Amino acid sequence: MFDLHSRSVRLIMVLAGTAGLLACGSLDNASNRIVGLVTPYKVDVVQGNFVSSEQAAMLKPGIARPQVLDILGTPLLTSVFHADRWEYVFTLKRQGLPSQMRKLAVLFKGEEVDRIETEPMPSEADFVASLDSGRSTRKVPVLELSEESLKLLPVPAKKPEAAPLPALPASYPPLESAPR
């Protein structure tokens with residue numbers, strides 16, 4: 001009888017342990033499902049120099065390095081070994097969208113542009129529109145008063161005139177003390 005009792009206790013212990021382990025596994029799966037529903041906010045990451053198609057169109061062979069700096073700004077990549085090559089790289093990483101990368105290289109011969117290696121660049125308007133793509137497009141209200149509304153506004157009271165400032169002194173005392 002004692003043997004039957006110890007076997008049943010062991011069986012209950014094994015079943016309780018197995019149930020506990022199974023519960024942990026289902027709890028883990030449940031927590032993974034909850035975490036899968038809640039996603040953290042990821043900030044849009046913009047790195048590098050954005051070069052618009054309008055800026056790229058201004059680049060022509062024969063213009064000087066300072067003019068390129070005026071048009072495009074400081075290059076993102078320059079090399080001591082390739083001093084005649086300036087690289088402008090731009091990346092945009094947004095949550096839920098594939099990352100974008102644009103490259104433009106300006107190659108110099110001496111102090112003048114020899115050639116430009118570029119891929120198609122978006123216009124400035126297209127780029128700004130792509131940044132606003134996730135936002136709601138509500139109509140912006142007109143912030144102007146009509147002539148009738150202007151007439152209904154109270155007339156602002158005139159401010160009293162400020163007292164005149166005192167005259168400046170003819171001379172100031174010395175800043176340093178006299179030598180002894």
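Values as computed for the structure displayed
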{"quantity": "Odd one out for residue 122, checked against (1) loosely packed, with under 15 Cβ neighbours inside 10 Å; (2) under 17 Å from residue 52 (Cβ atoms)", "calculated": "(1)"}
{"quantity": "First in the range 59-86 and under 20 Å from residue 119 (Cβ atoms), second anywhere and among the β-branched types (Val, Ile, Thr) and in a strand (DSSP E or B), Cβ under 6 Å, 6 or more apart", "calculated": "59/116; 61/113; 68/106; 76/89; 86/106"}
{"quantity": "Test: residue in the range 65-85 that is at pLDDT 75 or above, surrounded by 10 or more Cβ atoms within 10 Å (Cβ to Cβ), under 30 Å from residue 129 (Cβ atoms) and touching a Ser or Thr at 6+ places or on another chain (Cβ under 6 Å)", "calculated": "no"}
{"quantity": "Conditions (1) modelled with pLDDT of 85 or more; (2) surrounded by 12 or more Cβ atoms within 10 Å (Cβ to Cβ); (3) out of contact with any Ser or Thr (no Cβ under 7 Å at 6 or more places or on another chain); number of the one not met by residue 167", "calculated": "(2)"}
{"quantity": "Residue 10 modelled with pLDDT of 75 or more, over 38 Å from the mean Cα position of the chain (by Cα), of a type in the set (D, E, K, R) and over 23 Å from residue 92 (Cβ atoms)", "calculated": "yes"}
{"quantity": "Residue within the range 33-56 that is aromatic (Phe, Trp, Tyr) and modelled with pLDDT of 80 or more present", "calculated": "yes"}
{"quantity": "Single residue of the range 39-61 satisfying the filter (in a loop (DSSP other than H, G, I, E, B) and over 21 Å from the mean Cα position of the chain (by Cα)) that is surrounded by the fewest Cβ atoms within 10 Å (Cβ to Cβ)", "calculated": "60"}
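The values are calculated or read from the model by the stated rules, or taken from the named source; none is laboratory data. Just so you know, these numbers come straight off a predicted model, no measurement behind them. FYI the Cβ positions are ideal-geometry reconstructions off the backbone, even for glycines, and counts take in every protein chain you see.
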